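Heads up, the thing below is written out as structure tokens.
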Amino acid sequence: MSDPASFTDTSARHGLPYLFAGQAQKEFTVNEALARIDALLHPVVTGRLTSEPAAPAAGDCYIVLAPATDEFAGHEDRMASWDGQQWTFLDPAEGMMVRDASTGTQLVYTAGWLEAPSFADPAGGTTVDVEARDAITALADALRNFGIIS
């Protein structure tokens, strides 16, 4: 089940469902909102996959990679959160940062998920100034991509 319900009135940033006056079975809407908040608050993803894992644990959250297949099909770049019974797919907000527990890296969403590039430490030799400048430039670029510096 990819999207168990369609809510007509939702919050602007993360699509959290709103209650409406006289609504029956309010617990369904409130529980859906709480499940989404649980996945989005201090987000840590278990990893990045193209299809759902065989035996996810409740609370596992993944970034869906392209080309997505099976239950993840059509949900590329979204976060897939398993609540123990079903997948909830969440759209990332521009600038959202998550930690990938499988790699220990930070990811930022800017029209797609970005990971800071790794680069080699400067080595000794006759080109120390050039290598040092290249390393500092790469570090500055990574800090800019993650919004730490402008």
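The values are calculated or read from the model by the stated rules, or taken from the named source; none is laboratory data. Given the structure is predicted, the values throughout are model-derived calculations rather than measurements. Cβ sites come from the backbone with ideal geometry, for glycine too, and all protein chains shown count toward neighbours.
Does any residue of the range 19-38 turn out to be surrounded by 13 or more Cβ atoms within 10 Å (Cβ to Cβ), over 30 Å from Ile136 (Cβ atoms) and touching an Asp or Glu at 6+ places or on another chain (Cβ under 7 Å)?
The answer is yes, given that some residue of the range 19-38 is surrounded by 13 or more Cβ atoms within 10 Å (Cβ to Cβ), over 30 Å from Ile136 (Cβ atoms) and touching an Asp or Glu at 6+ places or on another chain (Cβ under 7 Å).
Kindly evaluate Asp38 against the criterion of being acidic (Asp, Glu) and either at pLDDT below 90 or more than 21 Å from Trp113 (Cβ to Cβ) (or both).
Working: acidic (Asp, Glu): yes; either at pLDDT below 90 or more than 21 Å from Trp113 (Cβ to Cβ) (or both): yes.
For Asp38, the condition - acidic (Asp, Glu) and either at pLDDT below 90 or more than 21 Å from Trp113 (Cβ to Cβ) (or both) - is met.
Identify, from the list Thr88, Thr50, the residue that is among the polar types (S, T, N, Q), in contact with a helix residue (DSSP H, G or I) (Cβ under 7 Å, 6 or more places away or on another chain), at pLDDT 90 or above and on the phi < 0 side of the Ramachandran plot. Before the answer, list the steps.
Values: Thr88 fails: at pLDDT 90 or above.
Result of the check over Thr88, Thr50: Thr50.
Can you tell me how many residues in the range 39-57 are surrounded by fewer than 15 Cβ atoms within 10 Å (Cβ to Cβ), farther than 20 Å from Ala93 by Cα, within 17 Å of the chain's Cα centre (by Cα) and small (Gly, Ala, Ser)? Write out each step before concluding.
Here is the first cut: in the range 39-57, the residues surrounded by fewer than 15 Cβ atoms within 10 Å (Cβ to Cβ) are 41-42, 44, 47, 53-55, 57.
Now narrow it down to the ones that are farther than 20 Å from Ala93 by Cα: 53-55, 57.
Filter once more, so that each one left must be within 17 Å of the chain's Cα centre (by Cα): 53.
If we keep only those that are small (Gly, Ala, Ser) as well, we get none.
Here the count works out to 0.
If you check Asp77 against the conditions, is it charged (D, E, K, R), within 9 Å of the chain's Cα centre (by Cα) and surrounded by fewer than 19 Cβ atoms within 10 Å (Cβ to Cβ)? Give the derivation first.
Values: charged (D, E, K, R): yes; within 9 Å of the chain's Cα centre (by Cα): yes; surrounded by fewer than 19 Cβ atoms within 10 Å (Cβ to Cβ): yes.
Against the criterion (charged (D, E, K, R), within 9 Å of the chain's Cα centre (by Cα) and surrounded by fewer than 19 Cβ atoms within 10 Å (Cβ to Cβ)), Asp77 qualifies.
Looking only at the range 20-35, count every residue that is modelled with pLDDT under 75 and of a type in the set (A, V, I, L, M) and tell me the total.
3
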